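First up is the structure itself, then whatever we jot down about it.
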Amino acid sequence: MKLGINGMGRIGKLTLWNHIARKHFSEIVVNVGREVGADFGDLIQNLEKDSSYGRLSNFLHGFNGTDVIDNIDPEAGTLTIDGIPVRFLRTARNPQEIGWKEAGVRIVADCTGAFLDPTTPADASGGSMRGHLEAGAEKVLVSAPFKIKNKGLATPNDSITTVMGINDEMYDPSQHSLISAASCTTTCLSYMMKPILEHYGADQILSASMVTVHAATGSQKVLDSVPKAGAKDLRKSRSILNNIILTTTGAAKALRLVLPEMGEIGFMAESVRVPTSAGSLIILTLNLQSDNRDNPINRSEVNKIYQEAADGPYQDYLMYTEAQNVSSDIIGFPKAAAVIEARETHTRTAYTRVNLDKIPGLPEDVIKVLHSHTLEVPVTQTVIYGWYDNELASYTNMLSELTIHVADQLL
């Protein structure tokens, strides 16, 4: 089976790297949509080198890596990478005009970040992810969360958001043609929340919040620039090289799509961009209701939950470590959606006083039965740290896992 990749940005390029290493697809067709540099050699140079992850040959074969690109045909836009034929398309930007059918491509990973609305028709001006289907693809995976511009529209029935290993069983090959792989942050967060939800249940989680300390992305400015007309967030025009920048994340919304039980929990998500090229961190804070006054939830208990999850049902995607890591340790390795930094797990239990008079709609009979206007509830605040490589090792690896899962079920 052939794989199509639309886009050669950060995720598109690293998706190509990942699938070359996996050797699952017999051929890969990459749509760049335009000419690159002065000639085909400039495209190859961009492909084989990366400022964050080094050379493609070393990624594939370690320090013994030698040249892995040969059989170059500039006119046809073809070459071979480590034995896998790769063809580059360089004319169409609109998905509807990409020759997927002619190329024999049935499944496409759209890594442009430009086509995220599943409600947009295939022939929309400027293009649409549905254009890939019109061009011959049967399944389209999107390397970002869906973004429906018309808030009055629901997600179409043929579209689904999926994180491999979390809710991939919800994918129905007979129904779903458009599949969002969520985001790098949502992917990591889902693996931090899933073991906790399975152990305690949503009803024991009183509230939750997270902050992602996130590496820079291609949308940020290298140097300060003048904001565009109508811009509301002036910080997006400031230099990522020189600043810690407060921004937003849609992780809370996307998380509810892959873990529906999160809809029962008050949850907030914030994001801070920092001057690093890759490697990010989630700081997750949970308020858990303890059900044992003498032996409340503690650090060892929480770490045991993650260690057993990492050794058991989630061993392919969750890693537990008691090492002392920094962000560069996560870049490129390990191949995990989330790496729990167990040394930094913290818990503290206190008895929270609840004023029953302040609870809306509470029957007066309840207060009479309790003979008190206050309740003391043991609440354990828990802080958990989870690393993730927001580009290659975590997100692109998980996207590739999902792509193969979908490809193997093509009818």
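Every number here is computed from the coordinates shown, using simple stated rules; none is lab data. Being a predicted model, the structure only gives us computed values, none of them experimental. Every residue, glycine as well, gets a Cβ built from its backbone with ideal geometry; the counts of neighbours run over all protein chains shown.
Rounded to the nearest 5, what % of the DSSP beta bridges within region 185-390 are antiparallel ones? Don't jump to the answer; show the numbers that get you there.
Values: 33 of 46 bridges.
Given both bridge residues lie in region 185-390, the antiparallel proportion sits at roughly 70 percent.
Here are some pairs, Lys253/Lys304; Lys221/Lys304; Lys49/Lys101; Lys304/Lys358; Lys23/Lys304; Lys151/Lys221; which of them have Cα atoms lying more than 32 Å apart in this structure?
Numbers: Lys253/Lys304 28 Å; Lys221/Lys304 42 Å; Lys49/Lys101 30 Å; Lys304/Lys358 37 Å; Lys23/Lys304 36 Å; Lys151/Lys221 29 Å.
Checking Cα-Cα distances, Lys221/Lys304; Lys304/Lys358; Lys23/Lys304 exceed 32 Å.
A 20 angstrom limit on the alpha carbon distance is what I want to check against. Which of Lys13/Lys236; Lys194/Lys335; Lys147/Lys335 exceed it? Mind showing how you got there, number by number?
Details: Lys13/Lys236 24 Å; Lys194/Lys335 18 Å; Lys147/Lys335 27 Å.
The pairs that break the limit, which is 20 Å between Cα atoms, are Lys13/Lys236; Lys147/Lys335.
Tell me, what is the percent relative contact order of the chain, built from C-alpha pairs under 8 Å that lie six or more residues apart? Before the final figure, lay out each step's value.
Working: 850 pairs, mean separation 62.2, N = 411.
That works out to 15 percent.
Where does helix 184-200 land angle-wise versus the long Cα axis of the chain, in degrees 0 to 90, nearest 10?
The angle comes out near 40 degrees.
Could you tell me how far the Cα centroid of region 66-103 sits from the Cα centroid of region 151-172, in Å?
30 Å
Treat the count of other C-beta atoms within 10 Å as a stand-in for reagent exposure and order Glu138, Glu391 from fewest to most. Kindly include the intermediate steps, with their values, before the conclusion.
Numbers: Glu138 17, Glu391 25.
By the 10 Å Cβ count, ascending: Glu138, Glu391.
Please give the peptides 267-277, 169-179 ranked by average Cβ packing (other Cβ atoms within 10 Å per residue), highest first, as a rough proxy for protection.
Details: 267-277: 17.4, 169-179: 14.9.
Per-residue mean Cβ counts within 10 Å order the peptides as 267-277, 169-179.
Quick one: which of 333-343, 93-103 comes out on top by average Cβ neighbours within 10 Å, and what's the full order, highest first? Walk me through the intermediate numbers first.
On the way: 333-343: 21.8, 93-103: 18.3.
Taking the mean over residues of other Cβ atoms within 10 Å, the ranking is 333-343, 93-103.
Using the Karplus curve 6.51 cos²θ - 1.76 cosθ + 1.60 with θ = phi - 60°, work out ³J(HN,Hα) for each residue of region 8-17 in order, rounded to whole Hz, and write x for Gly and Pro.
Values per residue, Gly and Pro as x: 10, x, 4, 6, x, 4, 6, 5, 4, 3 Hz.
Provide the percentage of antiparallel DSSP beta bridges, counting only those with both residues in the chain; round to the nearest 5.
Bridges in the chain that DSSP calls antiparallel: roughly 55 percent.
Considering amide H positions built from the backbone, and no H for Pro or chain starts, which residues 5 or more places from Asn94, or on another chain, come under 5 Å of its amide H?
Those qualifying (amide H under 5 Å, at least 5 residues apart or on another chain) number zero.
Can you tell me the relative contact order of region 185-390? Whole percent, Cα pairs under 8 Å, sequence separation 6 or more. Could you put the intermediate results ahead of the total?
Values: 399 pairs, mean separation 55.8, N = 206.
Over region 185-390, the number comes to 27 percent.
Would region 185-390 count as rounded, prolate or oblate if I go by the C-alpha gyration tensor, calling it rounded below 1.5 in a/c and otherwise prolate when a/b exceeds b/c, oblate otherwise?
oblate
Go through region 48-63 residue by residue and turn each phi into a ³J(HN,Hα) via Karplus (6.51, -1.76, 1.60, θ = phi - 60°); whole Hz please, and just put x for glycine and proline.
Those phi angles translate into 8, 10, 8, 5, 8, 10, x, 9, 4, 4, 6, 4, 7, 9, x, 5 Hz.
Using a 10 Å cut-off on Cβ atoms, rank the peptides 214-227, 17-30 from the highest mean neighbour count down.
Working: 214-227: 14.4, 17-30: 18.6.
Going from most to least packed, we get 17-30, 214-227.
Tell me which residues come under 5 Å, amide H to amide H, from Val30 once H is placed; ignore anything under 5 positions away on its chain.
Here the answer is Ile5, Arg87, Phe88, Leu89, since their amide H atoms fall under 5 Å of that of Val30.
If you count the DSSP beta bridges with both ends in region 2-156, what percent of them are antiparallel, to the nearest 5?
Expressed as a percentage, antiparallel bridges in region 2-156 total about 35.
Taking θ as phi - 60°, what are the ³J(HN,Hα) couplings along region 241-246 by the Karplus curve (6.51, -1.76, 1.60), each to the nearest whole Hz, with x for Gly and Pro?
My calculation for region 241-246 gives 5, 10, 9, 8, 10, 6 Hz in order.
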